[in-house]
């Protein structure tokens, strides 16, 4: 019998039957099915497809702009193919360790030349590498442009639905031409419909005004000419306040010492509270409450001046 090496990628299991017989007369037999599962080992290297990447980046851009995404495939089972990506030393671009995304690191220093980056994919044991050629080109002036140089829109904080925020439209192209829209600047909160130019808030991604109160998005329109015409504009998204924060006393609890001969109407202490909301949502009104269950009511001796603050 010729011995064969077990290979998980060829067959993940083997199945056969065993027969057992006694020596009685007549002889009786029984059968059992045996399944042998083959455990995978990390014996395959990741492979980039394609072997070399060529991409074009139109200038100017902003920090975090995605240039391209690299993909390496590994034939081993998923728990053995947790790939990581690392790039050659570069002050201009960076490679996402887990995603394979190449993004702009220093937009101000990019020039209209071709940059070459070597990227390596590793599964912890085996490796493969590829070269990424990034050709930087300036956006050529043309009558293809957005209707406005910049746009503004508002969104209420706390919104979690896929809300439509704004519809953008480029002009200066024929009706039969195909135009695609995208957000150039990095964002995980907003998305744009490629075919319509409609800007949305991503579903289930609530915005908190107290963390960031406005966002600046660089939006691009691109036609299919060779070379393509590019138009860009800026969208400022302002986050409107919602009354989602409670007032908070500062340095509470408060301890106040009062002399017995203090004159009526004298100020004996001060409390202070803040509210992270703004406008009328952040207005604070101080009200004096008394525990009426106690026989000696403090209101017989003290009162609070009601003050509205912002």
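The values are calculated or read from the model by the stated rules, or taken from the named source; none is laboratory data. Values in this document were obtained by computation on a predicted structure and should not be read as measured data. Cβ placement follows ideal geometry from the backbone for every residue including glycine, while neighbour counts extend to all protein chains displayed.
Values computed for the structure shown
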{"read-out": "In segment 226-272, residue surrounded by the fewest Cβ atoms within 10 Å (Cβ to Cβ) [restricted to those that are over 26 Å from the mean Cα position of the chain (by Cα) and in contact (Cβ under 8 Å) with a residue 40 or more places away in the chain]", "value": "227"}
{"read-out": "Number of positions in segment 242-269 that are closer than 17 Å to residue 283 by Cβ and at pLDDT below 85", "value": "0"}
{"read-out": "Of residues in segment 125-141 being in contact with a strand residue (DSSP E or B) (Cβ under 8 Å, 6 or more places away or on another chain) and assigned to a loop (DSSP other than H, G, I, E, B), the one nearest to residue 68 (Cα to Cα)", "value": "139"}
{"read-out": "In segment 191-212, the residues that are closer than 12 Å to residue 237 by Cβ and in a loop (DSSP other than H, G, I, E, B)", "value": "207, 209, 212"}
{"read-out": "Residue that is nearest to residue 157 (Cα to Cα), among those in segment 199-211 that are out of contact with any strand residue (DSSP E or B) (no Cβ under 7 Å at 6 or more places or on another chain) and in contact (Cβ under 8 Å) with a residue 12 or more places away in the chain", "value": "208"}
{"read-out": "The listed residue being surrounded by fewer than 15 Cβ atoms within 10 Å (Cβ to Cβ), free of Cβ contacts under 8 Å to residues at least 60 places away in the same chain and closer than 19 Å to residue 148 by Cα, out of 178, 216", "value": "216"}
{"read-out": "Strands (runs of 3 or more DSSP E) wholly inside segment 1-92 that include at least 3 residues being in contact (Cβ under 8 Å) with a residue 60 or more places away in the chain and within 22 Å of residue 137 (Cβ to Cβ)", "value": "52-59, 66-69"}
